[in-house]
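One structure is given here, and the rest of the page talks about it.
The values are calculated or read from the model by the stated rules, or taken from the named source; none is laboratory data. All values derive from a computational prediction rather than experimental measurement. Here the Cβ is made from the backbone with ideal geometry for all residues, glycine too, and neighbour counts use every protein chain on show.
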Amino acid sequence: MSEDFNPTTAVEWKIALSEEPDDPVLGARFDAWLAAAEDHRTEWRDLTRGLENFRQVGPLYREKWVTASGGGQNAALQRGRLKRRSASFVRVSIAAFAVAAAVTVVCAPDLLLRLQADYVTGTAETRTVDLADGSQLILAPRSAVKLSYSVEKRDIRLLKGEALFTVRHDMARPFEVHTDKLTVTDIGTIFDVRLARGEEEVSVREGEVRVRDVSGGFHDLDAGTWERIRTVGNGVSVTHGSRAPDDVGAWSAGQIIAKENSVSSVVDRLRPYYRGGVVLYGSSFGEKSLTGVYDARDPVGAFRAIAAAHHAQMHQLSPWLTILAAP
């Protein structure tokens, strides 16, 4: 395995483990990655199931996926050759697995989530929902919510993704947004709640909210402040910060704003807008700092700008697969 290949996604780990199945250090690193977040375990489970499905249906579309993933190299991978490969072959292998994963996303949507949710969005789709009480929510791409309204309360559970809430305040009928680790109570406000890999975040554009997290404590956030709770091993870490209030929910206007964020976190924000897979290649590339405003309506253009910011290379291997490779 090339020394500059640092797995950070399920696709990359699948390749790494195929290349070095008996490497105890790699195995331990994979176990740590898997244990670090429920999102990692879900991503790994979905990939392995999807690849199994892909192997079953692959011959029906062989002329398409063999061409897209590199032909002979993909055939060698399927025969299970587990010897040391060059860095270039690792890139092609990643492409093959990512194509399979992309096909799985298209062909096997999360039906359970759709059954649970009242509102769901797909890739590159946003949706504005006017609620019965006069409040409004805007769903980001690949997001889902479930509503539970009664005469006494207004509860919304964010099942996936991100949503921006504009709330009509009613002290007699509290408005609450729930995630696995956070409960956000409106005190007359516009606020954003986001689920990401191993973390949950609430940020406030206007007014104030009260936040209760898994520690059981209560505290208030006002305009321009945020709280992020991240899974770390078997525990969690809670951090707070501030940003320009107008930057909160900027995605609803098609903007992804980065201010000294990591490359990987910005790419993750853009993934729901891209009808395919994007892979970061190169040791520590995903950890590099990034500042800028990126157009979510043109994710390929945004990926190109991210690559240019760090003199990296962008390889668009197909309409549904992009690789950003460190220089």
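A few remarks follow.
- Subset of region 216-229 (residues that are more than 26 Å from Ile256 (Cβ to Cβ) and either charged (D, E, K, R) or assigned to a strand (DSSP E or B) (or both)): Phe218, His219, Asp220
- Conditions (1) in contact with a helix residue (DSSP H, G or I) (Cβ under 6 Å, 6 or more places away or on another chain); (2) surrounded by fewer than 21 Cβ atoms within 10 Å (Cβ to Cβ); number of the one not met by His219: (1)
- The C-beta contact set for region 23-39 (first residue assigned to a helix (DSSP H, G or I), second residue surrounded by 12 or more Cβ atoms within 10 Å (Cβ to Cβ) and of a type in the set (Lys, Arg), distance under 8 angstrom, 6+ apart or interchain) comprises Leu34/Arg41; Asp39/Arg197.
- Here region 288-297 is the region considered, the condition is being outside any strand (DSSP E or B) and under 17 Å from the mean Cα position of the chain (by Cα), and the residue that is nearest to Leu324 (Cα to Cα) is Ala296.
- Given (1) part of a helix (DSSP H, G or I); (2) surrounded by 14 or more Cβ atoms within 10 Å (Cβ to Cβ), number of the condition Asp246 does not satisfy: (2)
- Taking region 212-239 as the range and being of a type in the set (D, E, K, R) and at pLDDT below 85 as the test, only Asp213 passes.
- Scanning region 296-317 for residues that are touching a strand residue (DSSP E or B) at 6+ places or on another chain (Cβ under 7 Å) and not hydrophobic (A, V, I, L, M, F, W, C), we see that the one that is surrounded by the fewest Cβ atoms within 10 Å (Cβ to Cβ) is Gly301.
- Out of Val279, Val193, Val263, Val267, one residue alone is under 17 Å from the mean Cα position of the chain (by Cα), crowded, with 20+ Cβ neighbours inside 10 Å and assigned by TED's automatic domain parsing to the domain that holds Leu158. It is Val193.
- Of residues in region 146-173 being of a type in the set (D, E, K, R) and out of contact with any Ser or Thr (no Cβ under 8 Å at 6 or more places or on another chain), the one surrounded by the fewest Cβ atoms within 10 Å (Cβ to Cβ): Glu152
- The listed residues are Arg269, Arg243, Arg228, and the only one of them that is under 20 Å from Arg297 (Cα atoms) and of a type in the set (Lys, Arg) turns out to be Arg269.
- Residues in region 266-290 that are in contact with a strand residue (DSSP E or B) (Cβ under 9 Å, 6 or more places away or on another chain) and over 21 Å from Glu162 (Cα atoms): Val279, Leu280, Tyr281, Gly282, Phe285, Gly286, Glu287, Lys288, Ser289, Leu290.
- Selection count where residues are modelled with pLDDT of 75 or more and either within 11 Å of Leu47 (Cβ to Cβ) or more than 24 Å from the chain's Cα centre (by Cα) (or both), scope region 4-25: 11
- Counting the residues of region 82-141 that are modelled with pLDDT of 55 or more, over 15 Å from Val278 (Cα atoms) and assigned to a helix (DSSP H, G or I) gives 6.
- Qualifying residue in region 202-211 (condition: charged (D, E, K, R) and at pLDDT below 90): no
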